[in-house]
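Below is one structure, written out as structure tokens; comments come after it.
Values quoted throughout were computed directly from the atomic coordinates according to the rules given, and no laboratory measurement underlies them. This one's a predicted model, so the numbers in the text were calculated from it and none came from an experiment. Cβ coordinates were reconstructed from backbone atoms using ideal geometry, including for glycine residues, and neighbour counts include every protein chain displayed.
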Amino acid sequence: MTFISINQSVITDSITERWREHFSTLLNRPSTVDPSGLDAIAEKPTLEKLDLPPSLEEITKAAGPYLGSVISSDGSLDREISARISKASQALGRLHTRVMNHKCIKLATKIKVYKAVILTSLLYGCETWTLYRKHTKQLEHFHIRSLRSIMGIKWQDRVTNLEVLDRASLISIETMVLKAQLRWTGHVIRMEPFRLTLQLLYGELRQGQRPRGRPKK
């Protein structure tokens with residue numbers, strides 16, 4: 001007689017044999033389903049289009065604004081940048097009366113709120129952006145205009161944009177985006193080789209060519 005210890009309990013050959021008989025009877029039990037009933041179930045037509053890969057328009061429609069990000073079928077960031085600026089402007093407007101224009105709140109506190117609420121909304125997903133010069137100008141314009149509004153600086157004061165950033169102890173949007181992209185790239189290159197994100201980072205196009213003309217700005 002063999003004894004097998006599992007979790008301080010003893011299992012003998014007779015118990016093992018009873019288990020084998022029980023599961024053998026259970027698995028070999030005849031089916032109770034009437035085959036004629038299965039034939040009576042109407043078959044639905046097969047959707048052959050489901051076997052085809054989805055088009056870019058279908059992917060865009062299904063994805064929609066993913067977590068607030070706008071996905072364009074042409075890969076352009078124009079709509080995404082406009083949406084980011086709009087959401088950040090709405091957030092700033094909601095805080096304008098209660099926080100940003102409140103005289104009892106210190107400027108340092110207002111800047112911290114601006115960094116925590118406005119900038120996070122403005123630069124959400126910027127790690128994957130491919131910015132052109134026009135996009136950077138739009139983001140920088142909103143950034144400087146918001147800081148001037150928070151600090152009460154008017155254009156008549158003749159304060160440069162660099163001085164505005166220096167007073168707020170902040171950096172430019174272009175620098176923020178570059179730091180975020182470098183940080184994310186560091187995460188990607190440390191991934192396992194089988195990860196799709198890493199493969200796309202080091203991947204190259206096998207076919208196709210660049211269109212004629214100068215690159216976009």
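Before moving on, here are some points about what is shown:
- Taken about its Cα centre, region 68-200 carries a charge dipole of about 620 debye when Lys and Arg each add +1 at the Cβ and Asp and Glu each add -1 at the Cβ.
- With the convex hull constructed from alpha-carbon coordinates only, region 68-200 shows a mean projected area of 9.6 nm² over all directions.
- Modelled spin labels at His102 and Asp166, positioned 7 Å past Cα toward Cβ, are 3.1 nm from each other.
- The count of lysine pairs in region 68-200 with alpha-carbon distances below 21 Å, taking only pairs 8 or more places apart or on different chains, stands at 17.
- Mean Cα-pair separation over length for region 68-200, i.e. relative contact order, pairs under 8 Å, 6 or more apart, %: 24 percent
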